[in-house]
Amino acid sequence: MTKKAQYRQFCEEEKKIPIFSQPWHLDAVCHDGEWDVVLMEKGGQIVASMPYFIKQKGPYKHIAMPWLTKMLGPYIVEKFKGGKKEQSIIKHLIEQLPTVAHFNQNLHYDIKDWLPFYWKGYQQTTFYSYSISGLSDLDTVYKNFDSDYRNNKIKKAQELITVSHDGDINDFYRIMKMSFDRQDVKLTIPADFLQHYDQVLAKQQSSKLFFARDAEGRIHSAVYLIWDKQRAYYHIAGDDPDLRNSGAGILIVWEVIQYTSKVLGLDIFDFEGSMIPGVTKVRRNFGAKQEAFFNIERYDSVLFRVARLLKR
């Protein structure tokens, strides 16, 4: 049995593996390259895994983050976490990785100790996400919203806007592109890629589209929600630049949070982070708490590094 086949079987048995590391998610997002995995076994049982996405850039191979994938990194079975045993496991996984010109990967929140990477010559940058936990008590969650959100923006939007699932991925893509155009940022994800991605997640019953519309049927805001067994993710969102003052973007987040709690039965809503000051402020206004995760990087080719720096 190949490692990928072993990993697929492992993911069927180990229910806590995050959505971004699921084989079917990797199958869907690994555009212009392919994914593989390294494993550690004890007594014939897999105790840790680390999927990775490898691409060819000219004469160089490099490991990168696939599109629409927030985190990867090692996954360790619960009873093997912590202390020296966890460090030893991560070290073993790193030693199995292929030699490439460049390695770049975001680790999951669960990995608190990046020393095994440091010992192998990797560098680390700390990034932050924002999440809301305790969704079983929605009253408290709502009370933790900024008072302007509770008393003004949401109430104003509720008079004008209805949030529903009435729309498809093409409607969503149009609104998402509007947001990118407003910020003068090139949208690199093709429409057909997102269509395929949506089909895969729908088959796995791991996604839902939300649209905030007015009485005329105009879409003010849209959200693409995904989830795993642990948390729901505010995965992709977009707004019509001409309709941003309606408060729909605030209302739709509240509706998605309620869906996460009441329909999905999950306790954590994850904004999937941002390091942008304005976006960070909005996350905090929803009462979201900061969560740190590590970006791990290493260059093994000077020429590749120079080329990347020049491109930047």
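The values are calculated or read from the model by the stated rules, or taken from the named source; none is laboratory data. Everything quoted here is computed from the prediction, not taken from an experiment. Glycine also receives a Cβ, built like all others from the backbone with ideal geometry; neighbour counts cover every protein chain displayed. Heads up: the accessible areas ignore ligands, DNA and RNA and are worked out on the full protein's heavy atoms, side chains in. Shrake-Rupley method; radii C 1.70, N 1.55, O 1.52, S 1.80 Å.
Within segment 109-164, being within 30 Å of ASP300 (Cα to Cα) and without any contact (Cβ under 8 Å) to a residue 60 or more places away in the chain holds for ASP110, LYS112, ASP113, LEU115, PRO116, TYR118, TRP119.
I want to confirm something. Restricting to segment 2-31 and keeping residues that are of a type in the set (D, E, K, R) and closer than 26 Å to TYR234 by Cβ, which single residue is surrounded by the fewest Cβ atoms within 10 Å (Cβ to Cβ)? The residue in question is LYS15.
Give me a count of the residues in segment 211-240 that are part of a loop (DSSP other than H, G, I, E, B), farther than 13 Å from SER164 by Cβ and free of Cβ contacts under 8 Å to residues at least 40 places away in the same chain. Here the count works out to 2.
From the set of residues in segment 267-306 that are out of contact with any strand residue (DSSP E or B) (no Cβ under 9 Å at 6 or more places or on another chain) and within 21 Å of LYS57 (Cα to Cα), which is surrounded by the most Cβ atoms within 10 Å (Cβ to Cβ)? Among those residues, the one meeting the criterion is VAL306. Within segment 31-49, the set of residues being within 21 Å of ALA101 (Cα to Cα) and either in contact with a helix residue (DSSP H, G or I) (Cβ under 9 Å, 6 or more places away or on another chain) or part of a strand (DSSP E or B) (or both) comprises HIS31, GLU34, TRP35, ASP36, VAL37, VAL38.
Residues being crowded, with 20+ Cβ neighbours inside 10 Å and out of contact with any helix residue (DSSP H, G or I) (no Cβ under 8 Å at 6 or more places or on another chain): count how many of those fall in segment 50-63.
2
Can you give me the number of residues within segment 176-197 that are more than 16 Å from ASP242 (Cα to Cα) and loosely packed, with under 12 Cβ neighbours inside 10 Å? Looking only at that region, the number is 4. Is there a residue being of a type outside the set (A, V, I, L, M), without any contact (Cβ under 8 Å) to a residue 24 or more places away in the chain, open to solvent by 20 Å² or more (accessible area, probe 1.4 Å) and over 30 Å from PRO98 (Cβ atoms) anywhere in segment 244-259? Within segment 244-259 (the criterion being of a type outside the set (A, V, I, L, M), without any contact (Cβ under 8 Å) to a residue 24 or more places away in the chain, open to solvent by 20 Å² or more (accessible area, probe 1.4 Å) and over 30 Å from PRO98 (Cβ atoms)), the answer is yes, since at least one residue qualifies.
Taken together, the residues in segment 150-184 that are within 25 Å of GLY287 (Cβ to Cβ), out of contact with any strand residue (DSSP E or B) (no Cβ under 9 Å at 6 or more places or on another chain) and polar (S, T, N, Q) amount to 3.
Of note, GLN230 does not satisfy the criterion of being in contact with a Phe, Trp or Tyr (Cβ under 8 Å, 6 or more places away or on another chain) and closer than 22 Å to GLY265 by Cα.
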